[in-house]
Amino acid sequence: MGSTKSRRSFIKKSSAIGLGVFIIPRHVLGGKGFIAPSDQLNIAAIGSGGKGISDISNAAVNGRERISALCDVDFSGSASQTVKNFPKAKLFDDYRKMLDKHKDIDAVTISTPDHVHGPAAVYAMERNKHVYVQKPITHNIREARILTELAREQQVVTQMGNQGGSNPLLKMVQNWVDSGKIGQISEVKVWTNRPVWPQGIKMPKPNESLKPKSLDWNLWLGPASQKEYTPNIHPFNWRGWWEYGTGALGDVGCHLIDIPFRTLGLKYPNSAECSVGSVFTKMWDPDYHPEGCPPSSSITLNFDATTKSKSPIVLTWSDGGIRPPHPDIIPANSDMGGEDSLNGVLMIGDKGIISTNINDSSPLMPKLYLYNGETEFGPEIEVMVEPEYGHQRKWVDACKAGFNSKEHLELTSSFDYAGPMTETVLMGNLAIRSYMLRKEKSNGGFHYYARKKLLWDGEKMKITNLEAANQFVTRNYREGWQI
């Protein structure tokens, strides 16, 4: 842990060697509740607005830890709230300068747009910083594998920001699965109302004259291709564009798919296929905007059997408000998944069905329906003892305890878990982007040659039956931002 470990070791050695019987309780020296600087973690934020507000605030643990630096490309927006919350923190617009100048930083939260997650995390971990990275931890599959392996090599403590993974009600779902309540599970259905931002449309035209003076657009672009300022992308609508975002899957896939991936002990999928919604603004000719995510999609991922799922699993994902049929076992007037059936997960076995809501900070609403008529429901309203189930606080505690400590091993989304799960989520996006590949025919029109079942070698990160699809395993990086 770098400087924090050294400071704490120095305190311990000094106490043992020189202080002897003159040790004075810390609360006498510094007042009730006083925490010595040597016992505080030095934390910095990369991305201080939006979700970064709660990420860094929760990592501070009510002032227990020291927030020493904040980084953002525009402090005039929502990031200004974080500046007010931590007025003593030094401000930076470039995380590279921040980490190089302040070597005493122990850990960072990374809450930027998706395309910066990987480069920022690599830069921090290479400098032995513990990292908390918003979901998905990376923009593409290759980056997720790099982060997973680098965390082990550098022996840093990691956590992905899918806070629902720390929801204690997941244990109820896990117990239903482990005890065989719903029998042999072979099918999982996942759905969402996302996107709730502009998507499936043409990319807005660049207009440098509209760029806010406070925004460093070049740093915002990071690894993405160089282009003039494009309005209506920063600070949130970047989600619908492949250069920067990862669509509906990237937004909530790590919350929803987390539930079956975790409870069924899934590994990499062995295949993926999809179809996407089309928009027709003229007859017979669908709009074609491969630079952006589609208005809706349906994806099928196939998984081999595992120790927890004794039979192969077929997982179907649908977004854009498209949801699966209502099973007869669930009363017709009852919601599937969450409220108004907007988001949810159904795990389907030969004895019954488990239904849950989205696994973020929404009520999980776990429900068990058995074909013999038995039911068991979790609470509809959750009492959250600490913010976001203590997801950030547990990461901070693990940072202080150290790599491979009990606290570290108990984290629910360290990269050893979150990396493979993120790769699985991003496989859906690989299928979507491959679906849009086309070649012009000699007699006019287009041949969409990649609309097939894609066979995936998870260990090698490779589509084995369509080489062109492998371009989406990674991305093109702007000079100076490669990883």
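The values are calculated or read from the model by the stated rules, or taken from the named source; none is laboratory data. From a predicted model like this one, the values you see are computed outputs, not experimental measurements. As a convention, Cβ positions derive from the backbone with ideal geometry for all residues, glycine included, and neighbour counts pool all protein chains shown.
Some values worked out for this structure:
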read-out: Any chance L301 is in a loop (DSSP other than H, G, I, E, B), under 22 Å from the mean Cα position of the chain (by Cα) and buried (at least 21 other Cβ atoms within 10 Å of the Cβ); value: no
read-out: Close pairs from region 56-78: first closer than 20 Å to H102 by Cα, partner assigned to a helix (DSSP H, G or I) and small (G, A, S), Cβ under 8 Å, at least 6 apart; value: E65/A59; I67/A59; L70/A79; D72/G52; D72/A79
read-out: The listed residue being touching a residue at least 60 places away in the same chain (Cβ under 8 Å) and outside any loop (DSSP other than H, G, I, E, B), out of E407, E388, E382; value: E388
read-out: Any hit, region 31-48, residues being crowded, with 20+ Cβ neighbours inside 10 Å, in contact with a Phe, Trp or Tyr (Cβ under 7 Å, 6 or more places away or on another chain), at pLDDT 95 or above and not aliphatic (A, V, I, L, M); value: no
read-out: Residue in region 226-235 that is surrounded by 14 or more Cβ atoms within 10 Å (Cβ to Cβ), in a loop (DSSP other than H, G, I, E, B) and in contact with a Gly (Cβ under 7 Å, 6 or more places away or on another chain) present; value: yes
read-out: Any hit, region 314-324, residues being in contact (Cβ under 8 Å) with a residue 12 or more places away in the chain, surrounded by 18 or more Cβ atoms within 10 Å (Cβ to Cβ), assigned to a loop (DSSP other than H, G, I, E, B) and among the hydrophobic types (A, V, I, L, M, F, W, C); value: no
read-out: Failed item in (1) of a type outside the set (D, E, K, R); (2) surrounded by fewer than 24 Cβ atoms within 10 Å (Cβ to Cβ); (3) in a helix (DSSP H, G or I), with I56 passing the rest; value: (2)
read-out: Of all residues making up region 392-404, the number that are over 20 Å from E153 (Cβ atoms), touching a residue at least 24 places away in the same chain (Cβ under 8 Å) and in contact with a helix residue (DSSP H, G or I) (Cβ under 6 Å, 6 or more places away or on another chain); value: 2
read-out: Output for region 410-443, where each listed residue is assigned to a helix (DSSP H, G or I) and closer than 15 Å to S166 by Cβ; value: Y417, A418, M421
read-out: Residue satisfying condition, being out of contact with any Phe, Trp or Tyr (no Cβ under 9 Å at 6 or more places or on another chain), under 23 Å from I110 (Cβ atoms) and β-branched (V, I, T), within set T148, T138, T158; value: T138
